[in-house]
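Here is the structure we will look at, set down as structure tokens.
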Amino acid sequence: MDDNPQRSPDQGAQPRQAAQRPVAALGQWLDRIDPGTHRRIKGLRLVTAYGIAAALGTLQDIAHSVPSTVSLGYLAGSFALWASVSEGKATRAESSRDLVLLSFAAALGAVLFVVLSRPLQLAGRAGPELVLVTGAFLVGYLKRFGVLGAGIGSQIYIGELLAYGTHLTIADLWAVGIAALIAALASVVPRMLSGPAERPVTPAVLAAGPQPLPGRCSPEFLMGLQAAIAALIICLLNGLISLEESAWAITASTYVVAGSASGTIQRVRRRIIGTLIGVPIGLACLPVAEHAPLLIWAAAAIAMIIYAMALPERYDVACGAFAFTLIVTLAASGVHSIPLLAARAWETLLGGALGLAAAIFIFPLRSSNPER
């Protein structure tokens, strides 16, 4: 029986209302970042694509028939995830076509790394890493061909990065091709199901940079040159002082370069803010990652959905979500070394600083749009 029969019904509702306030606040925050919920649909799609590709890649009938020194599921999942991030068309047919092209662009990047890195191994520790300079250039230069061009450039670099990180060899090329096929299938299926509920980012948000000036190279060429020079400097530093996670620095220097010096400054500032927030939160979750990996993978999936929602216009939020995802997924995969995770964090900041320096001092670009 109720010990207080005179209690008002409003008194019982108050605890429920207090519990609902954080949920309501979270919903309002998500609505500010993603009005209309369209990017949330894309976030769910890219997480689904990764899951399907990783699952197909681990099937016994497929994995055992493909000789490889690296996990086929990891390769396929990575190809599918980043293809889904880069795709931005309005119709199912166009999106499906681009997803197939983007999946094979990542495979092309992996093949380029395997082929080009072999002679560069004679140059020492940083030799194979020099191949990433070509991908860094393409990330900027191919933006001149629109959304698909930008995505292909990014996918080529990601393919090179995956090949570098997993030490792919000639013997793994068959696995790379199979991974691309799996990734294409795994990324197209969720896009066919999302349909009109998902809308691409407006062209104004995706504009690459300033208009070309008479007598000068295209802005996209200069963006590629800036990223490539910053990546080359990092390779040289790696050869001199042996950076522990130099590929992370190259990645940061590549993706902070925008269509103008002011835009690069904004991206570097937002990347630093996001990294300084996302990394500590991820480190705080390391005990959970060790004892409840399923929970941490669910948190990583939610963070990637937030990443997809925020990427076009809130680069700081996107970087924070991605930094958190990297830390917790590494921990869930068995990487718990604090010095290693710290090296990846500070070398990411180093790469961002070098990308900023390249944008300011190497053929600096100016734009009327401060975000680019």
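Paramagnetic label reach from His167 (point 7 Å along Cα→Cβ; backbone nitrogen cut-off under 19 Å): within segment 88-121, residues 110-111, 113-121. A protection proxy built from the mean count of other Cβ atoms within 10 Å ranks the segments 262-271, 275-284, 148-157, most packed first, as 148-157, 262-271, 275-284. First measure r as the distance between the Cβ atoms of Gln28 and Leu122, then evaluate 1/(1 + (r/R0)^6) with R0 = 51 Å and state the FRET efficiency to the nearest 0.05. For Gln28 and Leu122, the calculated efficiency is 0.30. The value of relative contact order for segment 216-372, using C-alpha pairs under 8 Å at least six residues apart, is 40 percent. Computed extension gain for Trp174 through Ile281, at 0.36 nm per residue and net of the alpha carbon distance, reaches 34.6 nm.
At 0.36 nm per residue, minus the direct Cα-Cα distance, what do Thr58 and Phe361 gain on full extension? Give it in nm, one decimal, please.
Length gained, Thr58 through Phe361: 104.4 nm.
Readers should treat all values here as calculations from the given coordinates under stated rules, not as data from a laboratory. This one's a predicted model, so the numbers in the text were calculated from it and none came from an experiment. Cβ atoms come from the backbone with ideal geometry, glycine included; neighbour counts cover every protein chain shown.
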